[in-house]
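Written out below as structure tokens is the structure these notes cover.
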Amino acid sequence: MTSELLPDGGISPKLSQLADLAGRYARPDALVAHGGHVRTIAAGHYTVSGLSRHVRLGEFVAHRSATGIHLGEVVRVEPELTYVCPIEPGEPIGIHDTVIRKGAFRVAPTDSWCGRTINSLGEPIDGLGPIPNGSIRRSISNSAPPSMTRRRVETGFRTGVRAIDLFSPLCLGQRLGIFAGSGVGKSTLLSMLARAGTFDKVVIALVGERGREVREFIEDTLGENMRKTVAVVATSDESPMLRKMAPLTAMTIAEHFRDNGDNVLLIVDSVTRFAHAIREVATASGEPPIARGYPASVFTELPRLLERAGPGAEGTGTVTAIISILVDGDNHNDPIADSTRGILDGHIVLQRSLAEEGRYPPIDPLASISRLARKAWTPDQEKLVSRLKALVHRYEETRDLRLIGGYRQGSDPDLDMAIKQVPIIYDVLKQTPGDRPSPDAFADLATALKTGSGLINVPAQPAVHPAR
Ligand SMILES: Nc1ncnc2c1ncn2[C@@H]1O[C@H](COP(=O)(O)OP(=O)(O)OP(=O)(O)O)[C@@H](O)[C@H]1O
Ligand SMILES: [Mg+2]
């Protein structure tokens, strides 16, 4: 122990200067001035002596090196040693360097963050100059509001994507997952959903994406909506800590807007890369894997994050979360897909076979479910959709039979109707990012099916979805 540390683990006046610097992101009263020294260094983590009695799991510490102050997260605490994962890879760490407790990591968003692109630490990366901080600093590891104080989710909205508005319509405050293998169309569908006009604010977390895709997503697809959007970006080449923090920072910004009464859309692309980042951090700190290499902490962090989305207390707004989940090798039952499906209020399944047929967005209408659809449909629409699903099912289950010429027209009136109508329905569902968002999917369907032909009667859409 050097003279900078006092015998009780407190710090000298010289070190309190470092503590002040480290407190840049922390509320001053949260920074209890305790310090320790680096004992061992390994790839991915280092250990510190003298801090174990003073820190909690998930808190941040600041390490001073020749190149400045660096942050790290406490990932394991033992009686004598604290394990820390540095936020920046390649940080120069030396044995006996001083490390100071910093407390929870906090950000202070304001409305002026809209239109900006930031990193997981809340720092601007768009070259448009500094961003001002708001008056309230929020911990990025906040808990979800108590369930009994939250408003109910019951107001439907239109996304503009016909396949969703018809078959799996959504409500404000809902949490929806988009499940697909790699390259099937998750990010493209998310970019189409980000243009929904209903929301006051949009917060986007791009986790582990390729750098090229980030600018494309932000500049090409958001367009006008960028004015009300905050984008939080941690690309694939950034440290696992930064990738792990991006959705947490984005969620915290969304919660800030929600508490100010806004209806917020939160998009996370992708939650699987968030889970991969947690796995990397956990593996580096020695946490054992329990399912397909994933440690137990992944399965506690996922619900902790997703539970925070949803409606706030009375008098506040909502956070509608739409997240993408990469299903490894198109296996929809891999551990991350499985555990997130149970937490969410709905899932949209994208099929590679539909993408290969050029049926974009490749949404499988029969496998996709919105658990709040009944609150967004009128009773007539609900009846119609159940009829449409029956027709699509009939059409698909007889596909092979019809291909080998095993069906004679006229033998089954229901199948005859399906053969006539389903290709038209599939055409209505086709949409590319360049197409105008559909203001009324039911009206589009009615036009395509030529209402009045006596085959299928599509009920008119009320101007606003009813809250039931
Ligand atoms: N709605 C659509 N209309 C036209 N083409 C589309 C559509 N959706 C996806 N595509 C095509 O599929 C390609 C891959 O889509 P996208 O990048 O969205 O997939 P992804 O599932 O996000 O991939 P990854 O797993 O690599 O992140 C796009 O480059 C585009 O060519
Ligand atoms: Mg993608």
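Considering only Cα-Cα distances, which of the following residue pairs are longer than 25 Å: LYS186/LYS389; LYS186/LYS383; LYS102/LYS228; LYS102/LYS244?
Pairs exceeding the cut-off: LYS186/LYS383; LYS102/LYS228.
What's the local net charge at ASN142, with K and R +1, D and E -1, over the other residues with C-beta under 10 Å away?
Combined, the nearby Lys, Arg, Asp and Glu give +3.
May I ask you to order 434-447, 109-122, 179-192 by the average number of other C-beta atoms within 10 Å around their residues, highest value first?
With the highest mean Cβ count within 10 Å placed first, the list reads 179-192, 109-122, 434-447.
If r is the Cβ-Cβ distance from LYS430 to ILE95 and R0 is 60 Å, what FRET efficiency results, to the nearest 0.05?
Step by step, r from the Cβ atoms, then E = 0.45.
How are the Cα pair distances of region 162-247 distributed, in percent, across 5 Å bins from 0?
Pairs per bin, as whole percents: 3, 12, 22, 24, 22, 12, 4, 1, 0.
Dividing the convex hull volume of the alpha carbon atoms of region 114-193 by its residue count, what do you get in Å³ per residue?
188
Pulled fully out, how much extra length does the chain show between ASN333 and SER143, if you take 0.36 nm times their separation in residues and subtract their Cα-Cα distance?
Working it through step by step, the gained length comes to 65.6 nm.
Taking only the Cα atoms of region 317-378, how large is their convex hull per residue, in Å³?
117
Calculate, in nm to one decimal, what ALA448 and ARG399 gain on full extension: separation in residues at 0.36 nm each, minus their alpha carbon distance.
The ALA448-ARG399 span can extend by a further 15.4 nm.
Starting from region 51-124, pick out the GluC sites (Glu not before Pro) whose DSSP state is loop and whose Cβ has at most 12 other Cβ atoms within 10 Å.
Taking region 51-124 and a limit of 12 other Cβ atoms within 10 Å, the loop GluC sites (Glu not before Pro) found are GLU80.
For a test of the definition: using alpha carbon positions, the gyration tensor, and the 1.5 limit on a/c, classify region 284-423 as rounded, prolate or oblate.
Oblate is the answer for region 284-423, as a/c is 1.5 or above yet b/c matches or exceeds a/b.
Report the net charge of residues surrounding ARG408, where surrounding means a beta-carbon distance below 13 angstrom and charges are Lys +1, Arg +1, Asp -1, Glu -1.
Computed value for this residue: -1.
Principal axis extents for region 262-308, Cα atoms only, whole Å, descending order, please.
41, 17, 17
Check each of the trypsin sites (Lys or Arg not before Pro) in region 375-446 and keep only those in coil by DSSP with at most 11 other C-beta atoms within 10 angstrom; list them in order.
Sparse-neighbourhood loop trypsin sites (Lys or Arg not before Pro): ARG408.
Cα gyration tensor of region 74-215, axes a ≥ b ≥ c as square roots of the eigenvalues: rounded (a/c below 1.5), prolate (a/b > b/c) or oblate?
Here region 74-215 falls in the prolate category.
Would the chain count as rounded, prolate or oblate if I go by the C-alpha gyration tensor, calling it rounded below 1.5 in a/c and otherwise prolate when a/b exceeds b/c, oblate otherwise?
Prolate is the answer for the chain, as a/c is 1.5 or above and a/b outweighs b/c.
Quick one: give the max-minus-min coordinate of the C-alpha atoms of region 213-286 along each principal axis, largest first, in Å.
Principal-axis extents of region 213-286 (Cα, largest first): 44, 30, 15 Å.
What ranking do MET251, MET417 get, fewest neighbouring Cβ atoms within 10 angstrom at the top?
MET417, MET251
FYI, it's all coordinate maths here, none of it is from the lab. Please read all numbers here as calculations on a predicted model, not as lab measurements. Neighbour counts are summed over all protein chains in view; Cβ atoms, including those assigned to glycine, are modelled from backbone coordinates with ideal geometry.
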